[in-house]
1. Can you name the residue in the stretch 40-52 that is of a type outside the set (Gly, Ala, Ser) and surrounded by fewer than 18 Cβ atoms within 10 Å (Cβ to Cβ) and, of all such residues, is nearest to Met214 (Cα to Cα)?
2. Among the residues in the stretch 119-130, are any surrounded by fewer than 17 Cβ atoms within 10 Å (Cβ to Cβ) and of a type in the set (Ser, Thr, Tyr)?
3. Do we find that Arg222 is assigned by TED's automatic domain parsing to the domain that holds Gly130, in contact (Cβ under 8 Å) with a residue 12 or more places away in the chain and basic (Lys, Arg) in this structure?
4. Cβ-Cβ under 9 Å, sequence separation 6+ or interchain: first residue in the stretch 79-99 and at pLDDT below 95, partner of a type in the set (A, V, I, L, M) and assigned to a loop (DSSP other than H, G, I, E, B). Which pairs?
5. Exactly one condition in (1) exposed (fewer than 15 other Cβ atoms within 10 Å of the Cβ); (2) of a type outside the set (D, E, K, R); (3) touching a helix residue (DSSP H, G or I) at 6+ places or on another chain (Cβ under 6 Å) is not met by Gly237; state its number.
6. Suppose we filter Gly205, Gly240, Gly249, Gly274 for residues that are part of a loop (DSSP other than H, G, I, E, B) and in the same structural domain as Gly160 (by TED's automatic domain parsing); which single one remains?
7. Identify all residues within the stretch 73-88 that are over 14 Å from Trp156 (Cβ atoms) and of a type in the set (A, V, I, L, M, F, W, C); write none if there are none.
8. Being within 18 Å of Arg290 (Cβ to Cβ), in contact with a helix residue (DSSP H, G or I) (Cβ under 7 Å, 6 or more places away or on another chain) and either modelled with pLDDT under 90 or surrounded by fewer than 24 Cβ atoms within 10 Å (Cβ to Cβ) (or both) is the filter here, so list the residues in the stretch 150-196 that pass it.
Amino acid sequence: MDDQAADARQDAHSVPGCYRHPDRETGVRCTRCERPICPECMVEASVGFQCPECVRGGGGTGHAPSASRPRTLAGGSVAADPRLITKILIGINVAVFLAVWVEKSLLADLYLVGAWPPAPFTPTQGVADGEWYRLVTSMFTHEEIWHIGFNMLSLWLLGGPLEQHLGRARYLALYLISGLAGSALTYLLAGGGTASLGASGAVFGLFGATAVLMRRLRYDMRPIVALLVINLVITFGWSGIAWQAHIGGLVAGVVIGYAMVHAPRERRALVQYGTCALVLGAVVLITLVRTAQLT
């Protein structure tokens, strides 16, 4: 009898497992249905956290659906399809790739180049000649099948979880500004006549933000760190890769990602979008400085 009583007391004080991931112990419960949920299943609300099922269905035995508005970890709105923006971004990249594959001449109007032809000739194209749009179009342009394949696979694997935890607007801001930061650093440090393209800058921004998010959720950092190190080794060890885009995107992703997941709730939007504005301002400043050098 004493052993049974001890076992009962031990069970009563043991930490329950997440209802979706029983092997993960957690002390947090959904504020609606009161089921235990792990960090991956937590959807931040104005009061506590809710489980994915209660957020989607508005059910549960706790608060009424109108009592709190479900939010992601970063404060974004919870969406029915947590990968919609990721799918759209992949679709744009694939569409541009197919367009270039069909009509090769399009490539000259899309890739990133500072000024072409180089001195002493008068430049007729390039960012320095007023074609700032190349900072954006180069992010969605690929020429080789292996290049777009690697970038789109990375985008799918990293983008989905980030979109789910950040929300669509914040995730899109992270992707675009990281890509622009990569383009700006390439424009600044690469030769004026050097052409570059690809979504690698934006993808490295997702790498940086993923590392920040995993640390915030107290996940094992070793897999993402190992993957990042491997990619950096490839970046600096393989000729022909615009390492500037990778580093620019990575730094921007870490900075924006940190602001997204660590911003205090009472002024969350100000900190998050203010940080995005500062990084975007740095992109504009770098572009202006480099344009002055080339002209």
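The values are calculated or read from the model by the stated rules, or taken from the named source; none is laboratory data. Keep in mind it's a predicted model, so treat the numbers as computed, not measured. Cβ sites come from the backbone with ideal geometry, for glycine too, and all protein chains shown count toward neighbours.
1. Glu40
2. yes
3. Numbers: assigned by TED's automatic domain parsing to the domain that holds Gly130: yes; in contact (Cβ under 8 Å) with a residue 12 or more places away in the chain: no; basic (Lys, Arg): yes.
Taking the combined requirement at face value, the residue does not satisfy it.
4. The qualifying pairs do not exist here.
5. Looking at each condition in turn, Gly237 falls short on (3).
6. On the way: Gly205 fails: part of a loop (DSSP other than H, G, I, E, B); Gly249 fails: part of a loop (DSSP other than H, G, I, E, B); Gly274 fails: part of a loop (DSSP other than H, G, I, E, B).
Checking each option against the conditions leaves just Gly240.
7. Listed by number, the residues that qualify are Leu73, Ala74, Val78, Ala79, Ala80.
8. Passing the criteria: Leu188, Leu189, Ala190, Gly192, Ser196.
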